[in-house]
Amino acid sequence: MSAMNIVQVEKFEILPSNQPANNTYSFRNGSGIITFNIGSQNKLLKASSVRINGKLQVFTATGGKVNNNQLDGNAAVNVDIDSRTGINGVFQNVNISSNDTNQTLESVRQYGRMVSTVLPSTHSSEDYLNNNGVVEVSTGLNAMNGNMVNNQVNFSCRLFTGMMNGGNAIPMGVNGVRGLTLNLELVSDQQFLKGSQANSAGGAFYELSDLTLTGDMLIPDADGMQKLSVSGNGSFAYNSFNNLYSVIDSNDSTQTYNIANSNVLNIFHNFLPVSHSNNYSFNGYSTNLPQLTDAQGANYDGGDVQINKVSFSRGGMKLALDYDLDVQEQSQNGAPQTGLEVNALNAVKPFYNITHLINQPLTHGFGENDLLLYNKLHGGNPQSFASVDANRNFAIGVALDNVSQVGIDFRGQSYATRIQSNLDGKSPNAVYTYVLSKNVLEYSPQGITVKS
C-alpha cells in the first residue's frame, strides 16, 4: 500500500467483548480468554502504540493477599512472579485475526517464553527499574517484584508479536485487514506464579481486572481516505512469530524443524528443564542454560549444561554461518559463550542496533572467582542474594536477513540445529523455538488471503 499523508492522530480505548460479570479474568475460575474487537474502519492502526491495560492481583490459596517482606533481603519469597517477564507472563497464547473474516493473521503460542528472551535482550537493568517496573510489573529484581505484588498493581504492557512490532501502520478497512480481533489466552497459575508458599493448600492464583485496549489510529487526508474506503486489489507485508516445541537430552542432539515459510527472517531458541514448566516450585520463565539432573536423575540440581558446539543448517547445508559455533573453552572456564550469545541477540534484534540489554557481569560471571554472585543463586546460598535476579539471559539463534528483510525460503527445506554438549541422557530440557517470518496479506473485493 502506498504511503499516505496523515492529518490526525486519534486515541482509542476498547473494553473486552467477552467481559465477565465481575469484570475479572482468572485462569483458576475459568475465565481465561480475553477478546478485543477493533472494527473495520478507514483508518490505519499505529501498531507500536497498542497497549493492554488493567490491574493484577495475586492471592494465596485461601484468597488472601500475599506477603513478600524482604526489607533485609533474607526472607523467603512466598508467592512471586518472574521479575523480567512481569505481566507479560500471564499470556499463554496470543492470536490476531481479521475481525470481519476471522482469517488468522498471527498466532504466537508460548508467548511468555518468547518475551522472556526478547525483553532482557532489548532492555537494560536501568530500563527495568525506571520504566518496565512501572508499566509491566518487571523490575529485574526479585525482592522488588515480590513487594510489588503484595498489593493490587496497575499495568500497561505492549504486545511483542511480530505484527505489532514490525514498524508498519496497519490498514484497518476493506483495503487491509478489515478490523482486528485479539484473543489473549491466560497461562496457568502454576506457570505464572512461583515461590516457597505458592503451592500450599491448593495453590496461589492471580486475577486480572479493569482490562482495556488502547492505541492510536492514524487518519489520512481526503485522498488517502478515498483509497481506504473503495474496495480494490493490493497487498501489504507484516511480520509474524511462530512457535515450535521440542526436547533435547543427548550429548549430540540434532533437532529438525519443518518451518514451511518462504520469508524467514530470524530464529531463536531458549531452554527450560521439562519439569520446571507449570510448576510453582520453579520459575517457568527462566532463561538459563539447559540444566543437568543429579546422579539419580531426580532433580535438576546438577548445574549448567556445558555446551561445546552449535550449528545451524537448511536442507543439510550450513545456514547463515559457514562454521560451527565452538564455545567449549568458554563453557569449561565458566565464562560467557560469546559466540552463541551474540548470534542469539542478533536474532532478536540486529546486534549493531542493540544499545540496551541485561547481559552483563552481574548475570554471568567471567570465570573463576568472578562467578560468586551467579553461583550463590545457583546452588550456593540463594537467600544471601535474594534481592538480585542473576539468571542468565541465554539463548541460541541465528539471524537470516537483517539487511534486506527478504528472508530465506524454507518451503520444501528443513531447518535443523545441532547442539553438542555434556547432556547425559537423563536430563530432558525443553527447547522453545521462535521463528520470525514476513507474511503478505493480499486484499481484493472478494476478501483477504495471507501468504507466508
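Please state which of the following conditions Asn42 fails to meet, knowing it meets all the rest: (1) surrounded by 17 or more Cβ atoms within 10 Å (Cβ to Cβ); (2) at pLDDT below 95; (3) farther than 24 Å from Leu180 by Cα.
Looking at each condition in turn, Asn42 falls short on (3).
Take region 124-142 and flag every residue that is farther than 15 Å from Arg392 by Cβ and touching a helix residue (DSSP H, G or I) at 6+ places or on another chain (Cβ under 6 Å).
Matches in region 124-142: Glu136, Val137, Ser138, Thr139.
Could you list, in sequence order, all residues of region 18-51 that are among the hydroxyl-bearing types (Ser, Thr, Tyr) and within 25 Å of the chain's Cα centre (by Cα)?
Thr24, Tyr25, Ser26, Ser31, Thr35, Ser48, Ser49
Here's a check for you: in region 295-324, which residue that is free of Cβ contacts under 8 Å to residues at least 40 places away in the same chain and part of a strand (DSSP E or B) is surrounded by the fewest Cβ atoms within 10 Å (Cβ to Cβ)?
Among them, the one singled out is Met317.
Could you pull out the residue among Asn261, Asn242 that is more than 17 Å from Gly412 (Cα to Cα), in contact (Cβ under 8 Å) with a residue 60 or more places away in the chain and not aliphatic (A, V, I, L, M)?
Asn242
Go through region 223-275 residue by residue and tally those that are under 12 Å from Val431 (Cα atoms), small (Gly, Ala, Ser) and either in a loop (DSSP other than H, G, I, E, B) or over 24 Å from the mean Cα position of the chain (by Cα) (or both).
1
Output yes when any residue across region 192-200 is modelled with pLDDT under 95 and in a helix (DSSP H, G or I), and no when none is.
yes
List, please: which pairs have Cβ atoms under 7 Å, are six or more places apart or on different chains, and start with a residue in region 104-115 that is farther than 9 Å from Asn88 by Cα and end with one that is of a type outside the set (Lys, Arg) and part of a helix (DSSP H, G or I)?
Final answer for the pair search is Leu105/Met163; Glu106/Met163; Val108/Met114.
The values are calculated or read from the model by the stated rules, or taken from the named source; none is laboratory data. Note that this is a predicted model, so its numbers are computed, not measured. No Cβ is skipped: glycine too gets one built from the backbone with ideal geometry, and neighbour counts run over all protein chains shown.
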